[in-house]
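Below you'll find the structure, written out as structure tokens, and then a few comments.
Throughout, read-outs are computed from the coordinates displayed, never taken from laboratory work. Here the structure is a predicted model, which is why all the values come from computation and not from measurement. Quick reminder, even Gly has a Cβ in these numbers, built from the backbone with ideal geometry, and neighbours come from all protein chains shown.
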Amino acid sequence: MRILFFDTKKYDKEFFEKLLPKYQNIEIEYTEVDISEKSAKYTSGYDAICAFVNSDLSEKVINILGQKGVKLILLRCAGFNNVDLKAAAKNNITILRVPGYSPEAVAEHAMALALASNRHIHKAYIKVRENNFSLVGLTGVNFHHKIAGIVGTGKIGAAMCRICHGFGMKVIAYDIYQNPDLDFVEYVDLDTLLKESDLISLHCPLTDDSYHMIQAETIAKMKNGVVLVNTSRGALIDTEDLIKGIRNHKFHSVGLDVYEEETENVFENREDDILETSITSRLLSFPNVIVTSHQAFLTEEALEAISYITLENAKTFEEGNIIEQNIVKL
Ligand code: NAD
């Protein structure tokens, strides 16, 4: 099987190359270019392409892949909201993903954002480097004995529930299905979660139902001084409404690993660019907001698991015994 690996970063190649010798029939060619209508034209002769979370897998791109004879798209990530599944089905292209690689990696980053933004670690780091040892503006809140509200209790949300429980928080959650493993969690409706939580962390996928679940109306229902964290998908939050909420002092702090305008930014060094839109810069202008660049997954354990499961997906596809739970279906 020949795979064209798009949007390669140094760490991707490092972790895939470590495992590749164990897969005799798989050959990978790496390109730093991401998949697009233009680059999809160069996929002739490849059985599969490997793409990541923000890659353009729209109808037009998938139609080109179909014409070029690509049979398999290997997503080296869990999310697939960037894939036109109808176009894939029409072109007889199978989509395989990595449904869970290290839920703890993402949940630990969510807690890191909650703690760092709550205790102003980002401000303190800069201040102390400038010999400013004043504590003014650095007051945080205890999480101990407070209420954590977790939206979505699948693999990552469950890990976040356990972390918050370990911090001595009462954990409440909202999900369309209850997770039977979480006997210490009290399930509530979304309104109750919004009203009661001191820390709200989002862990549900982006779907038509969850799009902009956090907007003016839901923000108004939250407690004043809440800490809000999003490591799931940017469009769960209406960013313009979030900015209004921040300006109205609704939030003690906000930690975002994902945000609506991230696509152009994700994993790119844009130091010399004049940004075309202003959401990122406005978010960064607030002292109580921390933004990271979709890095919640980035641990050694997660990269190892991603490369292993992706290569197993390629192997099992070729052998005709695909791992059912890794298939992305309409
Ligand atoms: P999962 O499928 O195990 O769990 C998702 C949970 O959300 C399920 O329990 C589901 O019932 C629930 N859910 C679905 N729609 C909902 C809704 N409208 N309201 C409330 N709950 C709803 O997924 P996971 O592995 O825990 O991942 C969660 C999300 O995290 C992914 O969809 C992805 O967007 C994001 N993610 C981010 C990163 C990162 O690096 N920042 C990495 C991996 C995944």
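Key figures
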read-out: Positive-end residue of Ala158, Ile3, Phe184, charge dipole of the chain with Cβ unit charges; value: Phe184
read-out: The chain, dipole about Cα centre (Lys/Arg Cβ +1, Asp/Glu Cβ -1), debye to the nearest 20; value: 420 debye
read-out: Relative packing of 11-21, 48-58, which averages over residues the other C-beta atoms within 10 Å, highest first; value: 48-58, 11-21
read-out: Residue order, fewest to most beta carbons within 10 Å, for His120, His165, His109; value: His165, His120, His109
read-out: Rounded, prolate or oblate (a/c below 1.5 giving rounded, otherwise prolate when a/b exceeds b/c) for the stretch 102-157 by Cα gyration tensor; value: oblate
read-out: Rounded to whole Hz, the Karplus (6.51, -1.76, 1.60) HN-Hα couplings of the stretch 269-279, x for glycine and proline; value: 8, 10, 3, 8, 8, 8, 5, 6, 10, 10, 4
read-out: Which of Arg282, Arg270 has the fewest Cβ neighbours within 10 Å, and the rest in rising order; value: Arg270, Arg282
read-out: Nearest-20 debye value, the stretch 212-330 charge dipole, Cβ charges on Lys, Arg, Asp, Glu; value: 880 debye
read-out: Total formal charge among the other residues, if their Cβ is under 15 angstrom from that of Val136, Lys/Arg +1 and Asp/Glu -1; value: +2
read-out: Positive-end extreme of charge dipole, the chain - chosen from Ile49, Leu242, Ser134 (charges on Cβ); value: Ser134
read-out: Scattering profile of the chain at q = 0.06, 0.08, 0.15 Å⁻¹ [log10 I(q)/I(0), Debye over alpha-carbon scatterers]; value: -0.23, -0.41, -1.25
read-out: Fewest-first ranking of Tyr308, Tyr46, using other Cβ atoms within 10 Å as the exposure measure; value: Tyr308, Tyr46
read-out: Ellipticity estimate at 222 nm from DSSP helix runs (n ≥ 4, -39,500 (n - 2.57)) divided over the chain, nearest 500; value: -10000 deg cm²/dmol
read-out: Of every Cα-Cα pair in the stretch 22-130, the percent that sits beyond 22 Å; value: 47 percent
read-out: Cα gyration tensor, the stretch 63-185 - rounded (a/c under 1.5), prolate or oblate; value: oblate
read-out: Debye-sum result for the stretch 149-225 in log10 I(q)/I(0), which assumes one identical scatterer on each alpha carbon, at q = 0.21 Å⁻¹; value: -0.92
read-out: Debye, to nearest 20: dipole size of the stretch 147-267, +1 on Lys, Arg Cβ, -1 on Asp, Glu Cβ; value: 500 debye
read-out: Rg/Rg_ref, the stretch 176-295, where Rg_ref = 2.2 N^0.38 Å and atoms are Cα; value: 1.11
read-out: Net charge over other residues, Cβ less than 15 angstrom from the Cβ of Leu20 (K, R count +1; D, E count -1); value: -2
